[in-house]
1. Considering only residues that are surrounded by fewer than 19 Cβ atoms within 10 Å (Cβ to Cβ) and either outside the structural domain of Arg403 (by TED's automatic domain parsing) or of a type outside the set (Ser, Thr, Tyr) (or both), which ones fall in the stretch 370-380?
2. Name the pairs whose Cβ atoms lie under 9 Å apart, with the first residue in the stretch 135-152 and assigned by TED's automatic domain parsing to the domain that holds Cys178 and within 21 Å of Ala122 (Cα to Cα), the second among the hydroxyl-bearing types (Ser, Thr, Tyr) and in a helix (DSSP H, G or I), and 6 or more positions between them or separate chains?
3. Regarding Val127, is this residue touching a Lys or Arg at 6+ places or on another chain (Cβ under 8 Å), in a loop (DSSP other than H, G, I, E, B) and buried (at least 18 other Cβ atoms within 10 Å of the Cβ)?
4. Would you say Pro152 is more than 30 Å from Leu405 (Cα to Cα), surrounded by fewer than 18 Cβ atoms within 10 Å (Cβ to Cβ) and either at pLDDT 90 or above or not hydroxyl-bearing (Ser, Thr, Tyr) (or both)?
5. Test each condition in (1) outside any loop (DSSP other than H, G, I, E, B); (2) within 13 Å of Leu212 (Cβ to Cβ); (3) hydrophobic (A, V, I, L, M, F, W, C) for Ile291 and report the one that comes out false.
6. What is the residue count in the stretch 292-306 for residues that are touching a helix residue (DSSP H, G or I) at 6+ places or on another chain (Cβ under 6 Å) and buried (at least 24 other Cβ atoms within 10 Å of the Cβ)?
7. Hey, which of the strands (runs of 3 or more DSSP E) in the stretch 210-282, taking only ones fully inside, have at least 1 residues that are among the β-branched types (Val, Ile, Thr)?
8. If you scan the stretch 390-412, which residues turn out to be buried (at least 19 other Cβ atoms within 10 Å of the Cβ) and not in a strand (DSSP E or B)?
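The values are calculated or read from the model by the stated rules, or taken from the named source; none is laboratory data. Small disclaimer: the values here were computed from a predicted structure and weren't measured. Every residue, glycine as well, gets a Cβ built from its backbone with ideal geometry; the counts of neighbours run over all protein chains shown.
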Amino acid sequence: MQKILVANRAEVALRIIRACRELGLDTVAVYSTADATARHVRVADEAVCVGKPAARDSYLNIGALIDAARRTGAEAVHPGYGFLAENAAFARACEEAGLIWVGPSPAAIDQMGDKAVARELARSAGVPVVPGTAGTLTLKEALRTAEDVGYPVMVKAVAGGGGRGIRVADDPEELRSCVVAAAREAEAAFGDDSLYLEKLVVNPRHVEVQVLGDGQGGAIHLYERECSLQRRRQKLLEESPAPNLDPQTRAAMCSAGARLAAAVDYASAGTVEFIVDASGDFHFIEMNTRIQVEHPVTEMVTGIDLVKEQLRIAAGEPFDVLQDDVAPRGWAIEFRLNAEDPAAGFLPSPGEITALELPGGPGVRIDTAIYAGYHVPPFYDSLIAKLIVWGRDRDEAIARGRRALSEFRIDGIKTTIPFHLRVLGEPSFLAGEYHTDSVAELALA
């Protein structure tokens, strides 16, 4: 495989293009008419317009993406994250067109994308799951299960993602309305109104394990990331290692993640996500069958390029790294910088970037595709940059993050930089004692 079509945009597309270039691979960028001047378009070896600004007319247009690959002679497709990255139909369409899919098999995407099926696969692999339904449910089954596991409970979309299709119920009456509302939202967002139910773990931590699978029953883990700092179930900051995590819990959780990946013959990079309760017990919640936004955190502490590993696995090559070779060092934190106004309830802030100054220095990495004069379009996700810092320990990483954030200058639009600076002054964050509801409790958002 010599030419890769990158079926994505902006920061992640640029990230993939750079990895391809280091491996000596040619790249094809795709873009909507709104992204004609985007940086990923300029950096790739070739670029093809795939449609109008709306994602459904461009980045979600499977036919246009396949046609772009055919016309340019691309042999493989890397979907990045978001858009069609976890779409089994797109993966199948690529394979049927004779293209190599840089990711897990369509079967694995289907299995792990169905949250109810994924729970049962986890159970079978000996991975602990949150108490709840074994499969999709009716209202009657939801009421019975809630009575068994105890309120509060969460109703969740089987095909869910991004925090959508989730409702919390504290009693039977509320559960009835939650089932109706969650099904309606799931149908609108995913085209599938199937639901399942879980016991709600109050104030949990959200910890995920990075895995690599070879597609032949072999899998390794690259340790964990703490992802508990969230707003409306959207991650805002990630760090590795997870603070205040018991070494025995860390070892068991990471082993469970690799075991589940091996059980489904997983190929490529993926993330097994867990919640950790107040007693330190962990429970599987889902698997993301793609590269994650926060993958640089793992790269900073392990020195392993996850995108290159994806490309090697897709080409049928063995792992470039074995489990015993994975030795995390130091501490890394990623700050997601969005074009949003934290002072106005995180309202989107598209527009022209009139001036841009990026931080630098030891242990500082910037993943972005913006530039002075770039116009942030209103059609896509608001993420415009990721600041990743590394330190010998957590204190140094935090100090480096504070320094780098204060150097960042993005004029013309509002960003979440002020929010992150506030977080770094919060005693609970500094102590590593935070959970998925901390942002709301501290009135940071």
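1. Within the stretch 370-380, Ala372, Gly373, His375, Pro377, Pro378, Phe379 meet the criteria.
2. Final answer for the pair search is Leu137/Thr145.
3. Against the criterion (touching a Lys or Arg at 6+ places or on another chain (Cβ under 8 Å), in a loop (DSSP other than H, G, I, E, B) and buried (at least 18 other Cβ atoms within 10 Å of the Cβ)), Val127 qualifies.
4. In short, yes.
5. Unmet condition: (1).
6. 1
7. So the answer is 219-231, 267-276.
8. Ala397, Ile398, Arg400, Gly401, Ala404, Leu405, Phe408, listed by residue number.
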